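As structure tokens, the structure follows; a few thoughts come after it.
The values are calculated or read from the model by the stated rules, or taken from the named source; none is laboratory data. Please read these numbers as outputs of a predicted model, since none were measured by experiment. Using ideal geometry, Cβ is built from the backbone for each residue, glycine included, and neighbour counts are taken over all protein chains shown. The protein model used for the area step is the full one, side chains on, heavy atoms only, and it has no ligands, DNA or RNA in it. Shrake-Rupley method; radii C 1.70, N 1.55, O 1.52, S 1.80 Å.
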Amino acid sequence: MSAVAPHPVPAPALAAARAALTERAPLVQCLTNSVVQTITANALLAAGAAPAMVDNVHESAAFAQIASAVLVNVGTLDDDRARAMGLAAQSADRSRTPWVLDPVAVGGLEFRTRVARDLLASSPTVVRGNASEVLGLAGAGSGGRGVDSTAGAEEAVEAARELSRRTGGAVAVSGVVDVLVHDGRTLRVSGGHVLLTRTTGAGCSLGALVAAYAAVEDDPLVAAAAAHVHVAIAAERAAARAARPGSFATAWIDELDAVDADAVRADLETSGRLA
Amino acid sequence: MSAVAPHPVPAPALAAARAALTERAPLVQCLTNSVVQTITANALLAAGAAPAMVDNVHESAAFAQIASAVLVNVGTLDDDRARAMGLAAQSADRSRTPWVLDPVAVGGLEFRTRVARDLLASSPTVVRGNASEVLGLAGAGSGGRGVDSTAGAEEAVEAARELSRRTGGAVAVSGVVDVLVHDGRTLRVSGGHVLLTRTTGAGCSLGALVAAYAAVEDDPLVAAAAAHVHVAIAAERAAARAARPGSFATAWIDELDAVDADAVRADLETSGRLA
Amino acid sequence: MSAVAPHPVPAPALAAARAALTERAPLVQCLTNSVVQTITANALLAAGAAPAMVDNVHESAAFAQIASAVLVNVGTLDDDRARAMGLAAQSADRSRTPWVLDPVAVGGLEFRTRVARDLLASSPTVVRGNASEVLGLAGAGSGGRGVDSTAGAEEAVEAARELSRRTGGAVAVSGVVDVLVHDGRTLRVSGGHVLLTRTTGAGCSLGALVAAYAAVEDDPLVAAAAAHVHVAIAAERAAARAARPGSFATAWIDELDAVDADAVRADLETSGRLA
């Protein structure tokens, strides 16, 4: 008899989510920062989703009704974009369109912290950030160093659980080992590669992939886990053939395409990635 | 005796346009969406043109007078950018600077549809879009699925001809086989590769290349055809050595550089690409 | 006895700056144009710095106080971004945060020329541009052709010296041979590769790297020289294995990572790059 509880997300559900993503090609509306729009769109396309960067105040709410999922990433904000994000989030919430909040650099900077906290009222299906951002969003920390976390993922687990209780959705904390929580459940995902942290937009693309998975999988913890596993496997495969950040970024997009449901299934049988 | 009319664009004119692009290095002003600015600039540079992303309300009209050509792509809009586009298009029209309109996602979204239709008053030299966008711009369809077309190019041929009559310019409808129309002439360009549709900004870069060619070739149908042929040859060569979307995008930029006038000439002698 | 004065920047100082950049991982706030944000962030990450694109009016001044250095690049402007740049530059100046001004396309376009000249009042640590831009910023020229210079670097040396006297900082003029001036000293850096001019954002990334080096090296001429040498070595190594612009861009990011202090030291012993 093991003293360790089995992790709460069955591996077959993750492989099934990967298959569903390719089959259903969800339309993912992205309101995201200006630095990462290209890699975000390419990551979604590589995984089999269809990106649409509809982020202006005139169109964001209407599009959130017809999109399969919505990503809101506050990495670069101005007043209009913040307003468009609020409209999209409210519309997604009302239309039951799943949506993901990525609170980039929240905690240390007042404007975006206020914007991101206001967005919580629209009940994000998943919040994805690093430990400093999750602490900052929950009101429990003062932020990281720019986009880098100054805290480890485990330090943010309680804040993540508190956030999850408030939103009803899942919260995913990225770190060396990612920690995902929802509704009393906790899942840890290990692996990935340090070159992800040296590729601008890799974390933001992960947020977009969480949205894509949330479009094809109703359980937000399974959706978030499927995206984290997909990204981690692709990163490890990319790093095996590209040791420097420029070629790694290219290889990672290739591998997001190459990692299909069979690859996910095979990986989870042997990698010990989930705990 | 063949029952099929010969296509209206002589192959030597396309090779000559490719040579002229390299020789004259046209300065292409781009007012384009925030997702694709990097690949658009790199595609123009690879082909031999000089990109300049001058898209603010203070400078766009003045720059359109001195630019060799202007691209207006409505993929991401806000009020200021829409205003800058109107000013640039009017200035280009008055200055006889050729300009290209790319009506991204027009038809399904009200704001951009109104903006794009208003731009038609400035007589774009070429309109380039997918079938849903051309139908939406012409007022004959209700739009695609985000940036993806839900109609085939042939379904938009009549709308393209109607648009062409209104603007006096050419209209190019992208699809598995591209259909280009102008002034009673119809040209079909086949080839390219499905990986182009999995590379964000490839279609938008095609629009920019149409503008670059329109700067060095007065016949808008020849200019549009030269860009489509250039992109298709480069895509096929890229796909022959890169099977996944990340490395394909890099290889495609390489091949836009490598495909010179001789390569265009050799291709058209054997490919049967034009009809 | 040589009639030529030895150049004013000792090679060991450049290798030491490269080592310091990796060791201290400076946080570089970038207010830069929308075309080049991705490659700028990736170039900084590859070199060992931490980019943060905080460019809105609400946050730019506060962040400039805590950033290690600030880059202001006027390549794409609107009213709000121009205001955010002014606030960041003033805050950097007051906080003694080193900051770099990149006057993209200044001289030929009235709005950005006024914005960039106003920024000079905040005493940029380094100005980096091509000859037309430096002439335009100094009020001595009428601008280039879009982002391309229509003058050679040597033609802008006097304007650079005049600018340097006004700001108290260094001025770096990019060209086939780069010319850097500060406080009566003049340094020329040769090398690099023409493919840099066919990669959108390579020059803008150089500006960001100057900022990163200014965070770890107090002498602005040494900081600017270290960035120019780093970029030139990386470009030559990249061009040795990538002959076309798409793969060159990827290889250049790889080489910005690979070129460490030892590589800088070894290069400067034999390359004759400095004069």
Original post:
Of the residues that make up the stretch C:126-139, is at least one away from chain B (no Cβ under 14 Å), in contact with a helix residue (DSSP H, G or I) (Cβ under 9 Å, 6 or more places away or on another chain) and part of a loop (DSSP other than H, G, I, E, B)?
Top reply: yes
**OP:** Could you tell me which of the residues C:21, C:14, C:31 is open to solvent by less than 10 Å² (accessible area, probe 1.4 Å), more than 10 Å from chain A (Cβ to nearest Cβ) and more than 22 Å from residue C:259 (Cβ to Cβ)?
**Re:** C:31
Original post:
Hey, does the stretch A:261-270 have a residue that's of a type outside the set (Gly, Ala, Ser), open to solvent by 20 Å² or more (accessible area, probe 1.4 Å) and not in a helix (DSSP H, G or I)?
Top reply: no
Original post:
Do we find that residue C:48 is more than 12 Å from chain A (Cβ to nearest Cβ) and at pLDDT 95 or above in this structure?
Top reply: no
Original post:
Residues B:134, B:189: which one is under 19 Å from residue B:73 (Cα atoms) and under 15 Å from the mean Cα position of the chain (by Cα)?
Top reply: B:134
Subject >> Whichever residue in the stretch A:34-55 is among the polar types (S, T, N, Q) and open to solvent by less than 10 Å² (accessible area, probe 1.4 Å) and, among such residues, is nearest to residue A:203 (Cα to Cα) >> reply: A:40
**OP:** Would you please name the residue that is nearest to the other protein chains (Cβ to nearest Cβ), looking only at residues in the stretch A:106-125 that are open to solvent by 10 Å² or more (accessible area, probe 1.4 Å) and assigned to a loop (DSSP other than H, G, I, E, B)?
**Re:** A:108
Original post:
Is at least one residue of the stretch C:205-225 within 14 Å of chain B (Cβ to nearest Cβ), under 23 Å from residue B:51 (Cβ atoms) and not charged (D, E, K, R)?
Top reply: yes
**OP:** Would you mind finding the one in B:92, B:159 that is touching a Ser or Thr at 6+ places or on another chain (Cβ under 9 Å), over 16 Å from residue B:221 (Cβ atoms) and either polar (S, T, N, Q) or in contact (Cβ under 8 Å) with a residue 12 or more places away in the chain (or both)?
**Re:** B:92
Original post:
When you scan the stretch C:239-275, how many residues do you find that are more than 15 Å from residue C:209 (Cβ to Cβ) and β-branched (Val, Ile, Thr)?
Top reply: 2
**OP:** With the condition kept exactly as written, say whether any residue in the stretch A:235-253 is out of contact with any Gly (no Cβ under 7 Å at 6 or more places or on another chain), farther than 24 Å from residue B:200 by Cβ and within 13 Å of chain C (Cβ to nearest Cβ).
**Re:** yes
Original post:
Tell me, which residue of the stretch C:196-240 that is assigned to a loop (DSSP other than H, G, I, E, B) and not acidic (Asp, Glu) is farthest from residue C:43 (Cα to Cα)?
Top reply: C:240
**OP:** Under 9 Å between Cβ atoms, at least 6 apart or on separate chains: pull out the pairs that start in the stretch A:15-33 with a residue that is more than 28 Å from residue A:266 (Cα to Cα) and in contact (Cβ under 8 Å) with a residue 40 or more places away in the chain and end on any residue that is part of a strand (DSSP E or B) and open to solvent by 10 Å² or more (accessible area, probe 1.4 Å).
**Re:** A:29/A:51; A:30/A:51
Subject >> Among the candidates B:225, B:212, residue that is touching a Phe, Trp or Tyr at 6+ places or on another chain (Cβ under 9 Å), farther than 22 Å from residue B:106 by Cβ and surrounded by 24 or more Cβ atoms within 10 Å (Cβ to Cβ) >> reply: B:225
Subject >> Test result for residue B:70, surrounded by fewer than 21 Cβ atoms within 10 Å (Cβ to Cβ), within 13 Å of chain C (Cβ to nearest Cβ), aliphatic (A, V, I, L, M) and outside any helix (DSSP H, G or I) >> reply: no
Original post:
Pick from the stretch A:149-172 the residues that are under 18 Å from residue A:89 (Cβ atoms) and crowded, with 16+ Cβ neighbours inside 10 Å: which of them is nearest to the chain's Cα centre (by Cα)?
Top reply: A:172
Original post:
Within the stretch C:93-105, how many residues are under 17 Å from residue C:68 (Cβ atoms) and either part of a helix (DSSP H, G or I) or within 13 Å of chain B (Cβ to nearest Cβ) (or both)?
Top reply: 3
